[in-house]
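The values are calculated or read from the model by the stated rules, or taken from the named source; none is laboratory data. A quick note: this is a predicted structure, and the numbers were derived from the prediction, not measured. Backbone-built Cβ (ideal geometry, glycine too); neighbour counts: all protein chains shown. Remember, those area values only see protein heavy atoms, side chains included, never the ligands or the DNA or RNA. Shrake-Rupley method; radii C 1.70, N 1.55, O 1.52, S 1.80 Å.
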Amino acid sequence: MDYKYFPHTEDDLQTMLSKVGVASLDALYAQIPESIRFKDDYRIPTAMSEMEVRQLFGQLGSQNRQLTCFAGFGVYDHYTPSVISGLLQRSEFLTSYTPYQAEISQGTLHYIFEYQSMMAELTGMEVSNASMYDGTTACAEAMMMAVAAGKKMDKVLVSATLNPKTREVLDTYALHQGIELVTIPAKNGVTDRSVLFSQLSTLDGVAGVIVQQPNVYGIVEDFSGIADACHEQKALFIVDSIAADLAVLKTPGEWDADIAVGDGQSLGIPMLFGGPYVGYMCCKEKLIRKMPGRIVGMTQDDRGQRAFVLTLQAREQHIRRQKATSNICSNQSLMALFVTIYMSLMGRQGLKEAAELSYAGAHYLCDELLKTGRFELIYDQPFFNEFYVKYDGDVDTLYQRFIEAGVLGGVRLKDGLLFAVTEKRTKEEIDNLVKLIV
């Protein structure tokens, strides 16, 4: 049989053996003692037919428990239109992963251009890059971008209401970049504005300020005046947001943010056991040269036809990496295509309706939990589709009761439970969760 994908032919093996001066493979391994040589058959399963493989994985998959998800904390159970999986596989999109040759990568360049256009509109910003790995690293890249834009500035202020998973990534990046992170404390579940303004006016070398919207507790914060205070001190204002929520919330652009980052998972990407997801990064046009990654633009070819090209990319990312703006020189292209198709299908109205359903469901669940007399809101603040409550009994026992009933009942934090509701959760599912509380 001709194994054309095997790397070495018999002639190849003989050539290599001759080069090292031995006659055979046995002679090559002659110095290995017989006592430690493996002589049994390898425990490799026999080959299976396609049908048998499908049955095997079907049996394995049936062991998973599908829980009704009321958990969030950065990853949300949103609806995924079934048509997306089919469109992802269309041949015009299955072109070069890294589109260096525009003439054979028009499909990839086209959807990246549409992705950038939609994300810029969703965030209210002027420019979007061609996606990042995930939301946490996108925030870390924004931190480094702020330091690179500032002259001899090495401090970044970070709100205590930022998701701790993101903060851990910031700490890791900052440690090896010589960046000093200063925490802005929280007060009643939101960024302490008075401390923030004081830090901006008294600390030297502040390159940027990072806040989150909605914050880690699901609270919608008021960022009025923060951008002005940042700009007075030559610092950049960075807003980390849950992408889907921007369909109804005030956008980073409306808050006059310089950089908008976050995770695009909420734009229809299934939870997928933690990934892959896609990070987004948008900014003001004046910062475009500091932005990592690539930017795709639209132009015309020599026949006057519409064409898409790589408009901006730093060659240092491929050649002199130590001088690069970032190591991001390729992107989550497949996932960027995923959210592009999702936003195209949903449209402005669909995105808005999904967000409003999530908001309404979360507030209904919160009201019903409070009616039981067993819960209270930890922070009396406006929230979107996620809220933080304290239970008057044993949280671990309650959480286990949820699991046994097939419900993922929020995320356990130090003082209570963080519940999230999306447009997928029905009134019946919410009522069933409330019935489990005794």
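Check Leu249, Leu181 and return the single one that is at pLDDT 95 or above and in contact with a Leu (Cβ under 7 Å, 6 or more places away or on another chain). Reasoning before the result, please.
Values: Leu249 fails: in contact with a Leu (Cβ under 7 Å, 6 or more places away or on another chain).
Testing whether each residue is at pLDDT 95 or above and in contact with a Leu (Cβ under 7 Å, 6 or more places away or on another chain) leaves just Leu181.
Take Ser91 and tell me if it is loosely packed, with under 10 Cβ neighbours inside 10 Å and out of contact with any Ser or Thr (no Cβ under 7 Å at 6 or more places or on another chain). Working first, answer last.
Values: loosely packed, with under 10 Cβ neighbours inside 10 Å: yes; out of contact with any Ser or Thr (no Cβ under 7 Å at 6 or more places or on another chain): yes.
When the stated conditions are applied, Ser91 passes them.
On the given criteria, is Ser201 at pLDDT below 95, out of contact with any helix residue (DSSP H, G or I) (no Cβ under 7 Å at 6 or more places or on another chain) and among the polar types (S, T, N, Q)?
Details: at pLDDT below 95: yes; out of contact with any helix residue (DSSP H, G or I) (no Cβ under 7 Å at 6 or more places or on another chain): yes; among the polar types (S, T, N, Q): yes.
Taking the combined requirement at face value, the residue satisfies it.
To keep it simple, each residue is scored yes or no on (1) more than 24 Å from the chain's Cα centre (by Cα); (2) open to solvent by 30 Å² or more (accessible area, probe 1.4 Å); (3) not β-branched (Val, Ile, Thr).
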{"position": "Ala360", "(1), (2), (3)": "yes, yes, yes"}
{"position": "Leu365", "(1), (2), (3)": "yes, no, yes"}
{"position": "Lys371", "(1), (2), (3)": "yes, yes, yes"}
{"position": "Ile378", "(1), (2), (3)": "yes, yes, no"}
{"position": "Thr397", "(1), (2), (3)": "yes, yes, no"}
{"position": "Ile403", "(1), (2), (3)": "yes, yes, no"}
{"position": "Val407", "(1), (2), (3)": "yes, no, no"}
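Have a look at Glu180, Glu114, Glu103 and point out the one that is touching a Ser or Thr at 6+ places or on another chain (Cβ under 8 Å) and of a type in the set (Asp, Glu).
Details: Glu180 fails: touching a Ser or Thr at 6+ places or on another chain (Cβ under 8 Å); Glu103 fails: touching a Ser or Thr at 6+ places or on another chain (Cβ under 8 Å).
Going through Glu180, Glu114, Glu103 in turn, the sole match is Glu114.
Of the residues Glu386, Glu376, which single one is acidic (Asp, Glu) and touching a residue at least 40 places away in the same chain (Cβ under 8 Å)?
Glu386
Return the pairs, sorted by first residue and then second, in which the second residue is of a type in the set (Ser, Thr, Tyr), the first residue lies in the range 64-83 and is closer than 13 Å to Leu418 by Cβ, the beta carbons are less than 7 Å apart, and the residues are 6+ apart or on different chains.
Tyr76/Ser266; Tyr76/Thr422
Give the residues of the range 155-188 that are part of a loop (DSSP other than H, G, I, E, B) and over 26 Å from Pro382 (Cα atoms), sorted by residue number. Please lay out each step first, then the result.
We begin by selecting, within the range 155-188, every residue part of a loop (DSSP other than H, G, I, E, B); these are 160-163, 178-179, 185, 188.
Correct list: Gly178, Ile179.
Condition check: closer than 26 Å to Thr191 by Cβ, of a type outside the set (Val, Ile, Thr) and part of a helix (DSSP H, G or I). Does Leu365 satisfy that? Walk me through it before giving the result.
Values: closer than 26 Å to Thr191 by Cβ: yes; of a type outside the set (Val, Ile, Thr): yes; part of a helix (DSSP H, G or I): yes.
Judged against the criteria, Leu365 is a match.
Please identify the pairs in which a residue from the range 137-155 that is under 10 Å from Leu236 (Cβ atoms) and of a type outside the set (A, V, I, L, M) has its Cβ atom under 7 Å from the Cβ atom of a residue that is surrounded by 23 or more Cβ atoms within 10 Å (Cβ to Cβ) and modelled with pLDDT of 90 or more, counting only partners at least 6 apart or on another chain.
Matching pairs, first to second residue: Gly150/Ala207.
Suppose the filter is closer than 22 Å to Val209 by Cβ, in contact with a helix residue (DSSP H, G or I) (Cβ under 9 Å, 6 or more places away or on another chain) and surrounded by fewer than 23 Cβ atoms within 10 Å (Cβ to Cβ); does Gly124 pass it?
Values: closer than 22 Å to Val209 by Cβ: yes; in contact with a helix residue (DSSP H, G or I) (Cβ under 9 Å, 6 or more places away or on another chain): yes; surrounded by fewer than 23 Cβ atoms within 10 Å (Cβ to Cβ): yes.
In short, yes.
For the range 189-202, how many residues meet the condition of being part of a strand (DSSP E or B) and of a type outside the set (S, T, N, Q)?
As a first pass, look at the range 189-202 and keep what is part of a strand (DSSP E or B): 190-191.
From what is left, the residues that are of a type outside the set (S, T, N, Q) are 190.
Matching residues across the range 189-202 total 1.
Report whether or not Glu353 is under 30 Å from Thr123 (Cβ atoms), open to solvent by 50 Å² or more (accessible area, probe 1.4 Å) and modelled with pLDDT of 95 or more.
Values: under 30 Å from Thr123 (Cβ atoms): yes; open to solvent by 50 Å² or more (accessible area, probe 1.4 Å): yes; modelled with pLDDT of 95 or more: yes.
In short, yes.
Give me the residue from the range 378-427 that is in a loop (DSSP other than H, G, I, E, B) and of a type in the set (Lys, Arg) and, out of that set, nearest to Ala362 (Cα to Cα).
The residue in question is Arg425.
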